[in-house]
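A short write-up of the structure that comes next.
The values are calculated or read from the model by the stated rules, or taken from the named source; none is laboratory data. The structure displayed is predicted, hence computed values, not measured ones. For neighbour counting, all protein chains shown are included, and Cβ atoms are generated from backbone atoms with ideal geometry for every residue, glycine included. Heads up: the accessible areas ignore ligands, DNA and RNA and are worked out on the full protein's heavy atoms, side chains in. Shrake-Rupley method; radii C 1.70, N 1.55, O 1.52, S 1.80 Å.
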Amino acid sequence: MSRIIAGSRKGHRLHTPAGDATRPTSDRVREAAFGVLASELGRVGDPAIMLSGHGFLDLYTGSGAVALEAASRGAAPVVAVESDRRAAEVIRRNAAETKLGVRVVPVTVEKYLGGEPQQFELCWLDPPYAVPGQTVSSVVDRLAQGWLAPGGIVVVERARRGGEFAWPDRLGDRWQRRYGETTLYFATEGEA
């Protein structure tokens, strides 16, 4: 079982989908990632409001732990896109129990991004390990075409030995952080 690390629902235990359908982002990686985001946004202090005023899009959301963590830290709106119906129901249950405003969209990432763009300041992707780098590149490119707000940040979570992917030219500063077997890739909106 996972938990919310900080913010208004700090310590709340989260239900996770049964089986191997999802691979929740570890508490350690979430804590580090949100620390990096707070630093980039110039938001230090009260974790419950560190993301206030920032929309958060979580693609391939899996257990929903990242989306719920963002909402606990004040992000709104928060949208969690997960095609596995059982996982989507668990995320809805966690959102209801925590009273966090997370909208769960039970469709594929490709279908969701094929709709009318809504801008988010923060976009998180944690695709399954089997998703090839070329697909990740395509999804990130689509995000950069109207989904990412000016000055926004994209975070891609991949296994350390996972497939490489290419950032689109329209995303600027790029950096990465490693946490055990996980690598987080960051990029900002604006040309490199």
Discussion item. Just to verify a result, which residue in segment 116-134, among those that are open to solvent by less than 60 Å² (accessible area, probe 1.4 Å) and modelled with pLDDT under 95, is nearest to residue 186 (Cα to Cα)?
Written reply: 126
Worksheet item: Just one of 150, 168 is under 23 Å from residue 115 (Cα atoms), over 17 Å from the mean Cα position of the chain (by Cα) and open to solvent by 70 Å² or more (accessible area, probe 1.4 Å); which is it?
Response: 150
Worksheet item: For segment 92-105, what are the residues that are in contact with a strand residue (DSSP E or B) (Cβ under 8 Å, 6 or more places away or on another chain), in a helix (DSSP H, G or I) and among the basic types (Lys, Arg)?
Response: 92
Practice prompt. Starting from segment 93-113, keep only residues that are in contact (Cβ under 8 Å) with a residue 24 or more places away in the chain and farther than 16 Å from residue 56 by Cα, then list their pairs with residues that are open to solvent by 20 Å² or more (accessible area, probe 1.4 Å) and assigned to a helix (DSSP H, G or I) whose Cβ atoms are within a distance under 6 Å, requiring at least 6 positions of separation or different chains.
Written response: 106/85
Worksheet item: Looking at this structure, is residue 89 open to solvent by 10 Å² or more (accessible area, probe 1.4 Å), part of a loop (DSSP other than H, G, I, E, B) and without any contact (Cβ under 8 Å) to a residue 12 or more places away in the chain?
Response: no
Discussion item. Among the residues in segment 173-180, are any in contact (Cβ under 8 Å) with a residue 24 or more places away in the chain, outside any helix (DSSP H, G or I) and surrounded by 18 or more Cβ atoms within 10 Å (Cβ to Cβ)?
Written reply: no
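Select from segment 92-103 the residues that are crowded, with 18+ Cβ neighbours inside 10 Å and more than 13 Å from the chain's Cα centre (by Cα) and list them in ascending order.
Residues satisfying the conditions are 94, 95, 98, 100.
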Worksheet item: In segment 46-74, which residues are part of a helix (DSSP H, G or I) and of a type in the set (S, T, N, Q)?
Response: 72
Item to complete: Under 9 Å between Cβ atoms, at least 6 apart or on separate chains: pull out the pairs that start in segment 124-137 with a residue that is within 14 Å of residue 108 (Cβ to Cβ) and end on any residue that is acidic (Asp, Glu) and open to solvent by less than 20 Å² (accessible area, probe 1.4 Å).
Response: 125/58; 125/157; 127/157
Item to complete: Any chance you could count how many residues in segment 52-78 are of a type in the set (Asp, Glu) and either surrounded by fewer than 22 Cβ atoms within 10 Å (Cβ to Cβ) or more than 11 Å from the chain's Cα centre (by Cα) (or both)?
Response: 0
Worksheet item: Got at least one residue in segment 79-86 being within 21 Å of residue 3 (Cα to Cα), open to solvent by less than 10 Å² (accessible area, probe 1.4 Å), part of a strand (DSSP E or B) and touching a Lys or Arg at 6+ places or on another chain (Cβ under 8 Å)?
Response: yes
Worksheet entry | Single unsatisfied condition, residue 158 versus (1) among the charged types (D, E, K, R); (2) farther than 28 Å from residue 28 by Cβ; (3) within 17 Å of the chain's Cα centre (by Cα) | (2)
Discussion item. Test of understanding: among 51, 68, 41, 113, which residue is at pLDDT 95 or above and either touching a Cys at 6+ places or on another chain (Cβ under 9 Å) or closer than 23 Å to residue 146 by Cβ (or both)?
Written reply: 113
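Out of the residues in segment 181-192 that are in a loop (DSSP other than H, G, I, E, B) and under 18 Å from residue 142 (Cα atoms), which is least open to solvent (accessible area, probe 1.4 Å)?
190
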